[in-house]
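A.B. asks: Supplied in structure tokens, the structure appears directly below.
The values are calculated or read from the model by the stated rules, or taken from the named source; none is laboratory data. Predicted, not measured: the structure shown is a model, and the values here were computed from it. Don't worry about glycine lacking a Cβ; one is built from the backbone with ideal geometry, like all the others, and counts go over all protein chains shown.
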């Protein structure tokens with residue numbers, strides 16, 4: 001039986017866009033993903049209603065800081081059409097986009113974030129993709145059981 005919803009971990013550097021920024025804004029366009037595997041997750045598998053673990057990367061420590069949700073189905077990343085934007089891509093068109101984005105909405109911020117070290121040392125979480133050596137994607141799938149662990153905090 002196919003689950004009706006997918007779950008994701010989205011990484012953001014807190015000095016670029018933090019959970020507090022998302023909480024303030026209530027929703028944001030998740031754009032600027034420029035890795036083909038991460039793009040494929042967005043384009044091919046992400047959909048409105050999916051659950052999101054919001055992760056602060058390149059922070060001390062790196063940690064899951066809250067929960068968000070996908071508010072829209074994927075659409076052409078608008079930053080590729082802005083010539084002055086560092087994400088501009090002249091090969092991408094509205095008819096044939098190369099890069100995709102989604103709108104993400106705030107759900108909750110954790111009082112106590114869960115660090116990467118804790119994830120790696122917890123038997124029920126250590127198999128998460130984010131805990132695997134060399135896992136650097138900014139968008140990665142999360143198992144339903146792992147998402148529910150965080151959701152129930």
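A.B. asks: Pick from 10, 53: which is outside any loop (DSSP other than H, G, I, E, B), surrounded by 14 or more Cβ atoms within 10 Å (Cβ to Cβ), in contact with a helix residue (DSSP H, G or I) (Cβ under 7 Å, 6 or more places away or on another chain) and at pLDDT 95 or above?
C.D. replies: 53
A.B. asks: Another one. Step by step: first the residues of region 117-131, then only those that are in contact with a helix residue (DSSP H, G or I) (Cβ under 9 Å, 6 or more places away or on another chain) and part of a loop (DSSP other than H, G, I, E, B), then the one that is surrounded by the fewest Cβ atoms within 10 Å (Cβ to Cβ). Which residue is that?
C.D. replies: The extreme case among them is 124.
A.B. asks: Quick check on my filter: what residues within region 84-116 are in contact with a helix residue (DSSP H, G or I) (Cβ under 6 Å, 6 or more places away or on another chain), touching a residue at least 40 places away in the same chain (Cβ under 8 Å) and either more than 20 Å from residue 36 (Cβ to Cβ) or not in a strand (DSSP E or B) (or both)?
C.D. replies: Those that are in contact with a helix residue (DSSP H, G or I) (Cβ under 6 Å, 6 or more places away or on another chain), touching a residue at least 40 places away in the same chain (Cβ under 8 Å) and either more than 20 Å from residue 36 (Cβ to Cβ) or not in a strand (DSSP E or B) (or both): 87, 99, 106, 109.
One line per residue, one yes/no per condition, for (1) surrounded by fewer than 19 Cβ atoms within 10 Å (Cβ to Cβ); (2) part of a loop (DSSP other than H, G, I, E, B):
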{"site": "33", "(1), (2)": "no, yes"}
{"site": "39", "(1), (2)": "no, no"}
{"site": "58", "(1), (2)": "yes, yes"}
{"site": "65", "(1), (2)": "no, no"}
{"site": "68", "(1), (2)": "no, no"}
{"site": "73", "(1), (2)": "yes, yes"}
{"site": "79", "(1), (2)": "no, no"}
